[in-house]
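A.B. asks: The structure that follows is given in the form of structure tokens.
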Amino acid sequence: MEKNLLQQFTGDIVGYGASLFGVSLESLTPCHGSMNFVYEYQSGAKTYILRFTPSAHRSVNLVRGELEWLLYLKKNGVAVSAPVASVRGNLAEFVGQHGSGFTVASFVKAEGRSVPYPDCLHDYELYYNCGVAIGRLHAVSKSFLPSSKRVQRGEWRDNFYLTNIHGFVPSDQVNMFEGCRNTISNIQALPAERQSFGLTHGDVHVGNFRVDGSRVVLFDFDEAQYSWFINDIVTQMYYLVYVYGGDDGRELRESQASRFMEHFMKGYSQEHEIDKYWMMQIPLFLRLREIIVYVGMYKNHPDVSELNQWGKDFISEAKMRIENGTPIVDIWN
């Protein structure tokens, strides 16, 4: 989290925001969050999440758009962590003044168990069930219309990390910046049609869902964006292959990608169809996700020399791939 936001996020902000949802400050347990301040609390027999989104990251209307979409997904059979209303009957409450502050929202905590690394790397049933969940989400997405333009979510190119590349990455990485421009330009040239483009989760990975029996329950829709549906698929794949570094990791990345796609697409095709044309664009979207992760590493670790060895290796390897326009794995060409 940026230093200035940490300074703005006072105990008074937390206490007042919590009170708007009928929660005491003492009942909150902090959770990890890189873009938001997140807490967990109990009410009755249920567990809930309380999230504070800095206005520097998302406007209150963008958060309202996210919550509106979550309710639509739940109504249409997608398993999600649904929002709950404040004591004033609002899904989102703003705490601050003059447009600067935090948007507070609360959610029912997703049921089920988490699937951490390395357990997720060979769980074929998980990949299939993820495919069913994301396929259903994409099928429902095509019929969703926001209540107004004011709350409409942004598009993929509005991603926080893509719009802040120069703010976090050292200015001397000229070739890396050029690689970013080339990848983004190639993606902008793709056709955006109803069957292949719509509102997506934007950041699906094992940290953003839980497994409840055969159901995958999705949460953390903070990155929800209009994008190509293939992008949601690629994002999951990326986080399952990027753990394998170095030249020795290439074969492991390829076998992992193959395993994931085989089982994921069996589940996905039960709910939604995707044209083979988009499967051939996977390498391009892998390049996009790598840019986002690379910028995120610099945001969270401005002094990359302090990273562990895996982190240092990743920064070095990702930089080279971005510069050369090479995806982290390519089993499609």
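A.B. asks: Looking only at the range 107-121, decide whether some residue is of a type in the set (Phe, Trp, Tyr) and farther than 13 Å from Arg215 by Cβ.
C.D. replies: Quick first cut of the range 107-121, residues of a type in the set (Phe, Trp, Tyr) only: 107, 117.
Now restrict to residues that are farther than 13 Å from Arg215 by Cβ: 107, 117.
Within the range 107-121, one or more residues are of a type in the set (Phe, Trp, Tyr) and farther than 13 Å from Arg215 by Cβ.
A.B. asks: Here's a follow-up. Restricting attention to the range 97-115, and to residues there that are of a type in the set (D, E, K, R) and out of contact with any Asp or Glu (no Cβ under 6 Å at 6 or more places or on another chain), which single residue is nearest to Asp220 (Cα to Cα)?
C.D. replies: Residues of the range 97-115 of a type in the set (D, E, K, R): 109, 111, 113.
Next, only the ones that are out of contact with any Asp or Glu (no Cβ under 6 Å at 6 or more places or on another chain) stay: 109, 113.
Working: Lys109: 10, Arg113: 15 Å.
Filtering first and then ranking leaves Lys109.
A.B. asks: Confirm whether Thr53 is within 18 Å of the chain's Cα centre (by Cα) and either in contact (Cβ under 8 Å) with a residue 40 or more places away in the chain or closer than 27 Å to Val206 by Cβ (or both). Spell out how you get there, then give the answer.
C.D. replies: Values: within 18 Å of the chain's Cα centre (by Cα): yes; either in contact (Cβ under 8 Å) with a residue 40 or more places away in the chain or closer than 27 Å to Val206 by Cβ (or both): yes.
Yes; evaluated as a whole, the condition is true for this residue.
A.B. asks: Could I ask something else about it? Quick check on the range 1-56: of everything there that is of a type in the set (S, T, N, Q), more than 18 Å from Ala82 (Cα to Cα) and out of contact with any helix residue (DSSP H, G or I) (no Cβ under 9 Å at 6 or more places or on another chain), which residue is modelled with the highest pLDDT?
C.D. replies: In the first step, residues of the range 1-56 are kept if they are of a type in the set (S, T, N, Q); the result is 4, 7-8, 10, 19, 24, 27, 29, 34, 36, 42-43, 47, 53, 55.
Now drop any that are not more than 18 Å from Ala82 (Cα to Cα), which leaves 4, 7-8, 10, 19, 24, 27, 29, 34, 55.
In the following step, the residues that additionally are out of contact with any helix residue (DSSP H, G or I) (no Cβ under 9 Å at 6 or more places or on another chain) were identified as 4, 7-8, 10, 29, 55.
Numbers: Asn4: 78, Gln7: 77, Gln8: 79, Thr10: 82, Thr29: 95, Ser55: 90.
Among those residues, the one meeting the criterion is Thr29.
A.B. asks: Moving on to the next point. How many of the residues in the range 264-315 are under 15 Å from His138 (Cβ atoms) and charged (D, E, K, R)? Talk me through it step by step, then tell me what you get.
C.D. replies: At the first step, the residues of the range 264-315 found to be under 15 Å from His138 (Cβ atoms) are 264-265, 267-275, 278-279, 285.
When the remaining residues are screened for being charged (D, E, K, R), the result is 271, 273, 275.
Residues that pass the stated criteria total 3.
A.B. asks: When the residues of the range 260-288 are filtered to those that are surrounded by fewer than 17 Cβ atoms within 10 Å (Cβ to Cβ) and of a type outside the set (A, V, I, L, M, F, W, C), which remaining residue is farthest from Val234 (Cα to Cα)?
C.D. replies: Gln270
A.B. asks: Now for a separate question. Kindly list, by first and then second residue, each pair from a residue in the range 129-145 that is farther than 13 Å from Phe209 by Cα to a residue that is of a type in the set (Ser, Thr, Tyr), limited to pairs with Cβ atoms under 6 Å and residues at least 6 apart or on different chains.
C.D. replies: Final answer for the pair search is Gly135/Tyr268; Phe144/Tyr72.
A.B. asks: While we're here: All but one of (1) touching an Asp or Glu at 6+ places or on another chain (Cβ under 8 Å); (2) without any contact (Cβ under 8 Å) to a residue 60 or more places away in the chain hold for Asp12, so report the exception by its number.
C.D. replies: Asp12 satisfies all of (1) touching an Asp or Glu at 6+ places or on another chain (Cβ under 8 Å); (2) without any contact (Cβ under 8 Å) to a residue 60 or more places away in the chain except (1).
A.B. asks: Then there is this: Pick out, from the range 113-217, the helices (runs of 4 or more DSSP H) lying fully within it that include 2 or more residues that are touching a strand residue (DSSP E or B) at 6+ places or on another chain (Cβ under 8 Å).
C.D. replies: 124-141
A.B. asks: Going through the range 253-282 one residue at a time, which ones are closer than 15 Å to Ile230 by Cα, out of contact with any helix residue (DSSP H, G or I) (no Cβ under 9 Å at 6 or more places or on another chain) and not in a loop (DSSP other than H, G, I, E, B)?
C.D. replies: If the condition is that a residue be closer than 15 Å to Ile230 by Cα, out of contact with any helix residue (DSSP H, G or I) (no Cβ under 9 Å at 6 or more places or on another chain) and not in a loop (DSSP other than H, G, I, E, B), then Lys276, Tyr277 are the ones that fit.
The values are calculated or read from the model by the stated rules, or taken from the named source; none is laboratory data. Computed from a predicted structure; not experimentally measured. Counting neighbours? That spans all protein chains shown, and the Cβs are built from the backbone with ideal geometry, glycine included.
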